[in-house]
Structure formats: structure tokens, C-alpha cells
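Asks: First, the structure itself, so that you have it in front of you.
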There are 2 protein chains.
Amino acid sequence: MATSAADLRDVLRAEVLDPSGGDRLLPDERTLQRVYGASRGAVRGALDLLRAEGLVTRQPGQGTSAVGRGAHHRVDDLRSISTLGGPVRHEVVLRRTVTAQGPVAALLDLPAGAPALRLDRRTVAGGEPVGAWTSYLPLEVAAPLLECPASDLVGDYYEALERVLGVACDHEDLTTEAVAADDVVAGVLGVAVGVPVLRLERVLRLADGRPLEFGVGRFRGDRLRLSVRRRRGGA
Amino acid sequence: MATSAADLRDVLRAEVLDPSGGDRLLPDERTLQRVYGASRGAVRGALDLLRAEGLVTRQPGQGTSAVGRGAHHRVDDLRSISTLGGPVRHEVVLRRTVTAQGPVAALLDLPAGAPALRLDRRTVAGGEPVGAWTSYLPLEVAAPLLECPASDLVGDYYEALERVLGVACDHEDLTTEAVAADDVVAGVLGVAVGVPVLRLERVLRLADGRPLEFGVGRFRGDRLRLSVRRRRGGA
């Protein structure tokens with residue numbers, strides 16, 4: 001059975017997305033045919049699929065090169081994204097008090113109607129928004145976030161919470177899924193409606209188990225990959 | 001500032017996707033307006049957004065109910081998906097020897113041209129394909145997988161590898177991203193081209209650090225959510 005374009009795409013994708021990043025020229029089509037034992041049609045098909053994903057570009061007369069955005073973030077530790085093929089900036093977009101209701105109240109262990117802080121932030125890389133978080137925190141603990149300078153919140157988010165609130169973050173349960181950008185998300189991230197978005201949802205807790213934050217994040221699917229190490233028998 | 005349809009959608013989504021699953025009727029629109037302090041337009045807009053995602057359905061005269069597919073899988077441990085709102089079956093689609101080249105050889109610590117086993121499996125829930133894996137393993141270790149009955153491979157994948165190959169799986173590095181289904185993936189998963197797909201990539205290792213498998217998986221974005229616990233300072 002010959003190597004299909006889709007199979008070859010899967011294999012080349014691992015090379016193209018090498019976390020070492022940077023723009024790199026791929027081997028020419030003839031070399032790819034020989035190395036992978038693939039037909040000319042399969043090689044061209046694989047490169048077309050990668051180009052459709054925005055992972056490679058073809059320069060006339062030069063060949064095909066990986067875009068190399070290095071959009072890789074390890075989530076083994078509790079840290080904010082600090083690099084996405086270049087420096088990352090976190091910006092505060094909105095801070096205000098709201099009333100916790102329904103799931104927000106339940107997830108924060110608050111009675112319905114209790115005051116909460118809503119905090120919207122966005123992540124900017126290379127001058128472009130690549131992700132956005134909307135977070136809810138119990139106002140009783142989080143009130144200092146309303147008043148602190150926005151510059152206190154531009155670095156690592158967990159460190160900022162610990163410094164500004166005088167608490168110790170312990171762990172979070174992070175859920176990942178693939179969704180399509182609706183018009184609101186598309187507007188925030190500057191992408192077309194319908195493109196794939198990595199949707200994150202989390203509950204962050206303190207050492208005593210109390211929830212500190214319920215958050216929903218959305219990142220451009222073409223700009224972020226999350227990696228985690230799983231061990232047999234659990235961590 | 002009033003609650004917008006998109007904000008309310010985020011909050012209701014957590015309720016709709018409650019892992020307890022099952023079809024549940026949501027509160028009526030008037031109740032949602034009162035509880036969340038939202039306008040009638042915002043409530044309708046939020047329900048429209050959830051319906052567009054296939055997460056709720058409206059029954060004329062009865063109201064809106066959560067579809068409740070409970071598509072939640074914790075990845076803290078090294079286990080296959082065993083339930084997705086109902087029993088899950090793993091099927092072997094293809095087993096054959098191939099030649100490891102490029103990233104496949106590099107990721108498996110094999111010299112280019114060494115023999116490898118390619119194993120394609122798919123995950124079926126409720127009679128529908130919801131995901132598919134393509135895996136490459138060093139033939140030297142994995143040859144027994146070519147001959148064993150396919151029924152040996154329908155349960156937990158890690159247990160099957162350990163039983164059939166007489167090895168002990170130790171850990172894997174799992175990468176998650178959101179991509180759009182191309183025509184090949186759409187065909188395998190029975191979805192439309194362009195819908196969001198959760199793409200997984202992993203390298204599975206034995207206790208001595210040797211790689212046992214490089215795999216690429218794709219799951220329907222509307223059928224799988226992955227959760228992991230992250231701790232401050234790492235695991």
C-alpha cells in the first residue's frame with residue numbers, strides 16, 4: 001500500500017511543527033518522494049494539506065518552508081504562556097464586579113447572588129491577539145485585583161494572583177476542547193467565523209481546596225498547542 | 001454593563017456540559033432572565049449560540065434541553081477513553097509494516113529505513129466513529145501486534161500493549177490542538193469538512209525511556225473534552 005497524501009502530511013507535520021521553531025526550508029519534492037517512498041502526487045497533496053493549514057508557505061523558485069511559529073506550551077506546571085514563537089504580552093481588558101449565579105456560583109462555592117470579580121484578559125503575540133480569558137473570582141478574596149495597576153497583571157498570571165492577593169495557588173483542573181469561532185470570538189481573536197479555536201475551561205484552587213477562579217479561555221487553533229506528560233498510574 | 005449573550009453562553013455552557021450527563025431541561029427563558037439579570041435578547045442569543053454548537057435542542061412547547069453527551073475524559077492517568085456518554089469500542093482498522101523515515105524514525109529513536117508497525121484504530125461510541133488514531137511502533141518490539149487477534153486490541157490500549165508485547169508503559173507526552181477537518185479526516189469521522197477537530201499527538205515511552213509509539217489522533221470536537229490537573233511547581 002503506497003503512502004497517501006494524508007499519511008505523509010501527518011508525518012511531515014511533526015517536522016514542520018518542531019518546537020525549535022523558525023522558518024525552515026523543507027526538502028524538495030523529489031527528495032521527499034525518495035525518502036518517504038511516496039508518489040509525486042502524494043508529496044504534492046501532503047504539501048497542499050499543510051499549506052491549507054497555514055503551516056507551510058511556497059516561495060516560487062525556492063521551495064516550501066515551514067512557517068515555524070513554535071506555538072507550543074507545556075501545561076505540566078501552573079504557568080502562563082510566556083512565549084509563542086516570540087514574546088507574549090498579557091493585557092487586562094476588563095475588571096468589574098458582577099453577581100455570581102448558576103454554575104459560576106456553584107464552581108466558586110459561593111451562594112447565588114454573591115459578589116464576584118470578573119476579569120477579562122487577552123494574550124498578544126507579535127502584535128496580534130492569539131487568546132483571551134474571561135475569569136470569575138470571589139470578590140471577598142479578589143477585591144485587590146480591582147484596584148491594582150494593570151501593569152501588575154501583564155506577566156505570569158499565577159504569580160500575579162499570589163503577589164496581589166497574598167494567596168498560594170495550588171492546582172487547577174484544565175479542560176481542553178476544539179470549537180469553531182463564533183462571531184464574538186472571531187472578533188476578539190481577529191479570525192474568520194468558523195475557524196478552529198482551542199477552548200479552555202478551568203477551576204483554580206488554593207491549597208485548602210477553596211476555588212479562587214473559574215475561567216474560560218479561547219486561543220487561535222493555529223497559534224497554540226498544549227502538551228502534558230501523562231504517567232501510568234497517574235501523577 | 002448588562003450580561004451579553006456571549007457571556008451568558010459561557011456560563012450556561014458549564015451547566016449544559018455538566019459531566020453527570022444525560023438530557024436535562026434548562027430553566028425557561030423567563031427564569032434565566034431573572035437568575036442571570038439578563039435581557040430577553042441576551043437569553044435568546046445565548047441559547048442560539050449553544051444550539052449552533054449542538055449542545056442544546058429546543059422542543060416546541062417543552063423548552064430547551066441539554067443534549068448531555070458527557071464527552072469528558074480525564075488524562076491524568078495513562079488510560080484509553082472508556083466512556084463518552086455511553087460505552088466506547090476501539091476497533092483495529094489497519095495493521096502493516098512500513099519503513100520509518102524522517103520524524104517517525106527520529107521520534108522512535110530508529111535509524112532511517114528501519115521497519116516499523118503502523119496501527120490504525122478508531123473509537124466508536126453510540127454506533128458512530130468519534131475518533132481515530134494512527135500509530136507507529138518499532139517493529140522489533142511491536143511485531144506481536146501484527147499477529148494477535150484484533151479482539152486483543154479492543155479494550156484499554158495501554159493494557160493491550162503491555163499484555164501482547166510484555167512491556168511496561170511508563171509515560172507519554174501528549175499534545176493537543178484544535179484543527180479543521182480536511183476531507184480525509186471528515187470522511188473517517190463522518191463529519192463535514194471544516195468542523196473543529198481535537199488533534200492529539202503523542203510519544204509513548206517505556207520505563208527505560210525507549211519510545212514505544214508515535215501516534216496521531218483526531219477526535220470530533222463536539223464529542224471529546226480532555227481534562228488534566230496541573231499543580232503549582234509541576235507534578
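Asks: Which number in (1) in contact with a strand residue (DSSP E or B) (Cβ under 8 Å, 6 or more places away or on another chain); (2) surrounded by 16 or more Cβ atoms within 10 Å (Cβ to Cβ); (3) free of Cβ contacts under 8 Å to residues at least 24 places away in the same chain marks the one condition that residue A:160 misses?
Replies: (1)
Asks: Looking only at residues in the stretch A:181-233 that are touching a Cys at 6+ places or on another chain (Cβ under 9 Å) and part of a loop (DSSP other than H, G, I, E, B), which one is farthest from the other protein chains (Cβ to nearest Cβ)?
Replies: If we take residues in the stretch A:181-233 being touching a Cys at 6+ places or on another chain (Cβ under 9 Å) and part of a loop (DSSP other than H, G, I, E, B), then A:207 is farthest from the other protein chains (Cβ to nearest Cβ).
Asks: Just checking, how many residues over the stretch B:163-180 are assigned to a loop (DSSP other than H, G, I, E, B) and in contact with a strand residue (DSSP E or B) (Cβ under 9 Å, 6 or more places away or on another chain)?
Replies: Total meeting the criteria: 2.
Asks: What's the total number of residues in the stretch A:154-174 that are within 10 Å of chain B (Cβ to nearest Cβ) and more than 23 Å from residue A:125 (Cβ to Cβ)?
Replies: 6
Residue-wise test of (1) surrounded by fewer than 19 Cβ atoms within 10 Å (Cβ to Cβ); (2) modelled with pLDDT under 90; (3) out of contact with any Pro (no Cβ under 8 Å at 6 or more places or on another chain).
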| site | (1), (2), (3) |
| --- | --- |
| A:1 | yes, yes, yes |
| A:10 | no, yes, yes |
| A:19 | yes, yes, yes |
| A:25 | yes, yes, yes |
| A:36 | no, yes, yes |
| A:47 | no, no, yes |
| A:51 | yes, yes, yes |
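Asks: Something else now. Out of the residues in the stretch B:86-104 that are loosely packed, with under 12 Cβ neighbours inside 10 Å and modelled with pLDDT of 90 or more, state the one that is nearest to the other protein chains (Cβ to nearest Cβ).
Replies: Taking the candidates together, the pick is B:96.
Asks: Looking only at residues in the stretch A:105-151 that are surrounded by 14 or more Cβ atoms within 10 Å (Cβ to Cβ) and among the polar types (S, T, N, Q), which one is nearest to residue A:161 (Cα to Cα)?
Replies: Once the filter is applied, the top-ranked residue is A:135.
Asks: Can you tell me which residue is farthest from residue A:175 (Cα to Cα) among those in the stretch A:62-76 that are modelled with pLDDT under 80 and of a type outside the set (Lys, Arg)?
Replies: A:67
Asks: Among residues belonging to the stretch A:52-66 that are on the phi > 0 side of the Ramachandran plot and touching a residue at least 12 places away in the same chain (Cβ under 8 Å), point out the one that is nearest to the other protein chains (Cβ to nearest Cβ).
Replies: Per the criteria, the residue is A:54.
Asks: Looking for whichever is at pLDDT 95 or above and more than 21 Å from the chain's Cα centre (by Cα) here; the options are A:143, A:150. Which one fits?
Replies: A:143
The values are calculated or read from the model by the stated rules, or taken from the named source; none is laboratory data. Quick caveat: nothing in here was measured; it's all calculated off a predicted structure. Because the Cβ atoms are built from the backbone with ideal geometry, glycine has one as well, and the counts that use them run over all protein chains shown.
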